[in-house]
Structure formats: C-alpha cells, structure tokens
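Structure record follows, encoded as structure tokens.
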Amino acid sequence: MKNKILIALALVTFSASLFAKTQVIAHRGYWKQAGSAKNSISSLINAQTIGVYGSELDVHITADKVVVVCHDDSIQGHDINTSTYSELKDLKLENGEALPTLAAYLEQAQKNTGVKIIIEIKYKKDAELEKRTALEVVNLVNGLKMEKQVEYISFSMNICKELVKLSPKTPIAYLAYKDFVVSPKELKELGISGLDYHYSLLLQKPEFVEEAKAAGITVNVWTANDPAIIQKLIDLKVDYITTDEPVKALELSAK
Ligand code: MG
C-alpha cells in the first residue's frame, strides 16, 4: 500500500515537472504602462494585476542602512551607499514617485501574496558592504514574515553565499551573463537553488537547462523581450523568464 502511494506520488511529481509551464517575472515591475517607471511601486501594482509569477526589483543600502529600490549605484548624482536616506528620500523617479524604500515596496507586495517578489541585491566591490546589505534585506523580509513570498538573486557569489547562511530556505539564484562560471551541480552544492542567466547564454548552450534540472536547480533567464526569443525559451522549458514584456510572455507561455 505504502509503495503504491509512493509510486503515485512520484508519477504526479514527474507529470507536474513534464508539463510545468514557464513562469513569467516582470523585470523591474510592469513599468511599460502610462504613469509608471522602472522599480517604482506603481510598477509593482501593475505587475500585481496581470497574473505574473513574480515581480523583480533591485536594491542598494544607504549609509544609514535603509534599503532602497533602485537599479543603479547612484540616483541623480547621489551615490546611494554613501548618502543618508534623508538625503535621498525626496528624489523623484521618472513618474514623479519618490525613491521607494524596500519596506514600502514590501508593504505593497503584501497586498497580493500571489505575486512573488524577486529581490536582486546588487553586486559591490566591497564584500563587507555586500554582507551588510544582504543582512538588512533579510532582516526586513523576515521581520515582515515574507520569507515565502520572496526570492533572492545576485550577480555576486559572495552575496549568494551570505543569503544561503541567512535564509537557507528561500530560493536564491545566481545571475550571470558572460560565461557559465559555475555549474548547476556546484550551485546545488553551495545551497543555491537556481541559475539566472542572460538568455543568449542558454540559447548557445541549451543542454544546460537539462543539466540544471538534473541537478535540481531552477532555470531563470533575463531579459527576454523579443517574442521569438521568448518562444524559444519556452520551448526549452526554462522555469522562469524575466522580461520587460510580461503580458506578451504570459500570452506565449499560456499556449
Ligand atoms: Mg535586476
């Protein structure tokens, strides 16, 4: 009896993995809408209305340890890491919104727990600064009990390793664009749960998707916006596509 149940469970799991659809992640939110901007709270609100798996954002830490949502190291000439939050808080994004804090972003995220929040902690030359940023981000997320709604990504292996220590149960993916410097097997051994590579790398080496799946690692790709490329990635059965065109990607992945 027990064996039959185990076999049935294995079949269900196998079928689910065979037919699992590629999921869509809105890159810096769904910002291609009137009145929105990349990494704005409005871009998250938009992403929350279209049925995506997740919405991605980038974070940095201020000199007084406030985590803010921004892609670049600086905003309007102000270096984020060496500025205090009070020096930055009134700076406006393209849509007129104030520079969002991660705390405010997560507050909006809690209004729709069906949308994952994919937090990219940006690479820094200073390893201690990277560690400090990872710690502040994880403290914020865990303080809000959002561990299950959040996933982490980073180009920094130092940050990924730190996240494994701080939040081992949260999905953590390693970003890359130049070369496959770390194999899926090595990522798995480090406790990192996914790879997140520029789509051109996977199109050059499509067998990497199977290698990752065999190692138990998820495959995300960025930033695929051309429908023909999105379709190729869906055909490769990647787990996630991060895109500036989430509505198009949703249409294609639903077919
Ligand atoms: Mg990013």
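The values are calculated or read from the model by the stated rules, or taken from the named source; none is laboratory data. Owing to the predicted nature of the structure, the values given are computational and were not obtained by experimental measurement. No Cβ is skipped: glycine too gets one built from the backbone with ideal geometry, and neighbour counts run over all protein chains shown. Ligands, DNA and RNA are stripped out before the accessible areas are found, and what is left, the full protein with its side chains, is counted by its heavy atoms. Shrake-Rupley method; radii C 1.70, N 1.55, O 1.52, S 1.80 Å.
Of all residues in the range 31-56, those being within 14 Å of the ligand (Cβ to nearest atom) and open to solvent by 10 Å² or more (accessible area, probe 1.4 Å) number 2.
Pairs linking a residue in the range 51-70 that is touching a residue at least 24 places away in the same chain (Cβ under 8 Å) and closer than 12 Å to E120 by Cα to a residue that is of a type in the set (S, T, N, Q) and assigned to a strand (DSSP E or B), with Cβ atoms under 6 Å and 6 or more positions apart or on different chains, are E56/T242; V68/T101.
Each row is one residue, and each column tells you yes or no for (1) polar (S, T, N, Q); (2) in contact with a strand residue (DSSP E or B) (Cβ under 7 Å, 6 or more places away or on another chain); (3) closer than 21 Å to V67 by Cβ.
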| site | (1), (2), (3) |
| --- | --- |
| K148 | no, no, yes |
| F155 | no, yes, yes |
| V209 | no, yes, no |
| N220 | yes, yes, no |
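For the condition among the hydroxyl-bearing types (S, T, Y) and closer than 17 Å to A134 by Cα, S156 qualifies. Taken as a whole, the condition of being under 19 Å from the mean Cα position of the chain (by Cα), open to solvent by 20 Å² or more (accessible area, probe 1.4 Å) and not hydroxyl-bearing (S, T, Y) does not apply to G143. Please state which of the following conditions K165 fails to meet, knowing it meets all the rest: (1) open to solvent by 40 Å² or more (accessible area, probe 1.4 Å); (2) touching a residue at least 12 places away in the same chain (Cβ under 8 Å); (3) out of contact with any Lys or Arg (no Cβ under 9 Å at 6 or more places or on another chain). It fails just one condition, (2).
Conditions tested, residue by residue: (1) under 27 Å from A212 (Cβ atoms); (2) at pLDDT below 95.
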{"position": "D126", "(1), (2)": "no, no"}
{"position": "E136", "(1), (2)": "no, no"}
{"position": "N142", "(1), (2)": "no, no"}
{"position": "M146", "(1), (2)": "yes, no"}
{"position": "V150", "(1), (2)": "yes, no"}
{"position": "V164", "(1), (2)": "yes, no"}
{"position": "S167", "(1), (2)": "yes, no"}
{"position": "P171", "(1), (2)": "yes, no"}
{"position": "Y177", "(1), (2)": "yes, yes"}
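Within the range 198-222, being open to solvent by 30 Å² or more (accessible area, probe 1.4 Å) and within 16 Å of the chain's Cα centre (by Cα) holds for H198, Y199, T218, W222.
From the residues in the range 110-139 that are of a type in the set (A, V, I, L, M, F, W, C) and away from the ligand (no atom under 16 Å from the Cβ), which one is most open to solvent (accessible area, probe 1.4 Å)?
That would be L135.
Looking at the range 182-197, is at least one residue within 26 Å of P227 (Cα to Cα) and open to solvent by 40 Å² or more (accessible area, probe 1.4 Å)? Please lay out each step first, then the result.
Looking only at the range 182-197, we keep the residues that are within 26 Å of P227 (Cα to Cα), and these are 194-197.
Cutting the leftovers down to open to solvent by 40 Å² or more (accessible area, probe 1.4 Å) gives us none.
No, there is no match, as no residue in the range 182-197 is within 26 Å of P227 (Cα to Cα) and open to solvent by 40 Å² or more (accessible area, probe 1.4 Å).
Only a single criterion out of (1) under 24 Å from K21 (Cβ atoms); (2) in contact with a Pro (Cβ under 9 Å, 6 or more places away or on another chain) is not satisfied by G191, namely (1). For the range 233-241, the condition of being in a strand (DSSP E or B) and either buried (at least 16 other Cβ atoms within 10 Å of the Cβ) or in contact (Cβ under 8 Å) with a residue 12 or more places away in the chain (or both) holds for at least one residue. Out of all the residues in the range 62-94, which are surrounded by 14 or more Cβ atoms within 10 Å (Cβ to Cβ) and among the polar types (S, T, N, Q)? Within the range 62-94, T62, S74, N81, S83 meet the criteria.
Could you please let me know if V59 is outside any loop (DSSP other than H, G, I, E, B), closer than 24 Å to Y197 by Cβ and either open to solvent by 20 Å² or more (accessible area, probe 1.4 Å) or of a type in the set (A, V, I, L, M, F, W, C) (or both)? When the stated conditions are applied, V59 passes them.
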